[in-house]
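The structure appears below as structure tokens.
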Amino acid sequence: MAKFVVTPANPAQREAWVGGTIPGVERVRPGLWSIPVPIPINPLRYVLVYALELPDGVAIIDAGWNTDEAYDALVAGLGVAGYAITDVKGVLVTHIHPDHYGLAGRVRESSGAWIALHPADARLVRERYDDEAIDSLVQRERALLRRCGVPDLTLDDLAGASMMIRHMVTMARPDRLVEDGDDLDLPGWDLRAIWTPGHSPGHLCFVSPGRKVLFSGDHVLAKITPIVAVHPQSGPNPLADYLDSLDAVRKLEVEEVLPAHEYRFLELAERVDTVMAHHDDRLAEIERVVGEAGAAACWDVATRLTWSRPWETIPPFMRRSANNETLAHLAWLEAKGRLVKEPGEPDLWRLP
Ligand SMILES: [Zn+2]
Ligand SMILES: [Zn+2]
């Protein structure tokens, strides 16, 4: 079957993404702006912040990473839309990852805006606040990797882990907790929250039925599929959560999907089907690899899968996410009874 390719809402925005540049600030439709905010040392290059005009200012969806460059880009982008940073009344954050949540605290300091987040991600912010909690998080990650059969952890791996967490620690606590189905109560907007756990436990999408647009965060993107991985804060079966969350948005009647990365596009249901098919293929591949191996640790399974480049050339930090993504698929297969796990050091996976 030919792979479905989505239609970009604005071809120039897609061209900028494909061409390795940053697209311009854009009025998507009356009262709605797209502001690309650069993120450092990351192949995603930018997060798309959306500014929603209100009678007395704007609300923004996502904020960007906490750097001066990102803050300046956000201020400049709001300027193009005719607003100052002090006009921001609220920051709706799709999820806790630093490229979305990192800058929210600074925006609040500048403007007095409230910050909204789903409780399941808000809980993670709190957990990462004190040094003891961070240590225990790193220990739990190490234990998890050991059970996966990851060979001698390199210093690079661990440095990566603590650096990632340090970025989290500077994050502000939210002022508003938003649950599934909540009306965001923004004047002039019929914006409703949809809880879409998977990529992160508290991921939120926002839909405007009247304007027929979906702000999809990292949940559904035009070309890439978000990382869905088991880690100490993920819950036991994040892939099941993610696939259920795809179902939750698939039937929405929207004309345009406004994601946090890459570019806006038109066909939501077809894109969701493609992402689901991708995971089906991955699950089948993993089942086959385990069958061939007889019994295998997660790390061994990961090394035998097809990745976008040869395993040997994947840097250590990314190998760890590859391992944790593989574990998410193994956990899903176990829950369905398609694989069994023999607990140990490492845990071994085999066909039932
Ligand atoms: Zn993310
Ligand atoms: Zn992201």
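For the stretch 1-102, trypsin sites (Lys or Arg not before Pro) are listed when DSSP marks them as loop and at most 13 other Cβ atoms sit within 10 Å of their Cβ; the list is Lys3.
Relative to the longest principal axis of the C-alpha atoms of the chain, give the angle of the C-alpha long axis of helix 155-169, reported between 0 and 90° and rounded to the nearest 10°. Between helix and principal axis, roughly 30 degrees. Can you bin the stretch 211-285 into rounded, prolate or oblate? Criterion: square roots of the alpha carbon gyration tensor eigenvalues sorted a ≥ b ≥ c, rounded for a/c under 1.5, prolate for a/b above b/c, oblate for the rest. It comes out prolate by the Cα gyration axes.
For the chain, the percent of C-alpha pairs falling in each 20 Å distance bin, counted from 0 to the bin holding the largest distance, reads 30, 58, 12, 0.
Multiplying the residue separation of Ala143 and Lys212 by 0.36 nm and subtracting their alpha-carbon distance yields 20.3 nm.
Any chance you could give the angle, 0 to 90 degrees and rounded to 10, that helix 238-250 forms with the longest Cα principal axis of the chain? That helix lies at roughly 40 degrees to the long axis.
Shape class for the stretch 44-98, computed from the alpha carbon gyration tensor (a ≥ b ≥ c): oblate, with a/c not under 1.5 and a/b at or below b/c. With a cut-off of at most 16 other beta carbons within 10 Å, and DSSP calling the residue loop, which chymotrypsin sites (Phe, Trp or Tyr not before Pro) in the stretch 86-135 qualify? Please list them. When the chymotrypsin sites (Phe, Trp or Tyr not before Pro) of the stretch 86-135 are filtered for loop state and at most 16 Cβ neighbours within 10 Å, Tyr129 remain. Over all alpha-carbon pairs in the stretch 228-352, figure out the percentage whose distance exceeds 21 Å. Value for the stretch 228-352: 46 percent of Cα pairs lie more than 21 Å apart. The GNM of the chain, with springs linking C-alpha atoms under 10 angstrom apart, assigns the highest mean-square fluctuation among Ser308, Ser136, Ser234 to Ser308. Residues in the stretch 18-27 carry Karplus couplings, in order, of 5, x, x, 10, 10, x, x, 5, 9, 8 Hz; the curve used is 6.51 cos²θ - 1.76 cosθ + 1.60 with θ = phi - 60°, and Gly or Pro positions show x. Protection proxy ranking, highest mean first, for peptides 49-57, 75-83: 49-57, 75-83, where packing is the per-residue count of other beta-carbon atoms within 10 Å, averaged. Length, then width, then depth: along the principal axes, the Cα atoms of the stretch 16-118 run 37, 28, 24 Å.
Straightening the chain between Asp68 and Asp280 buys 72.2 nm, computed as 0.36 nm per residue apart minus the Cα-Cα spacing. About its Cα centre, the dipole of the chain is roughly 400 debye, where the only charges are +1 on Lys and Arg Cβ and -1 on Asp and Glu Cβ. If you plug the beta carbon distance of Thr306 and Ser110 into 1/(1 + (r/R0)^6) with R0 = 45 Å, you get a FRET efficiency near 0.45.
Bear in mind that the values in this text are calculations on the coordinates, not laboratory data. All values reported here derive from a predicted model rather than from experimental measurement. Backbone-built Cβ (ideal geometry, glycine too); neighbour counts: all protein chains shown.
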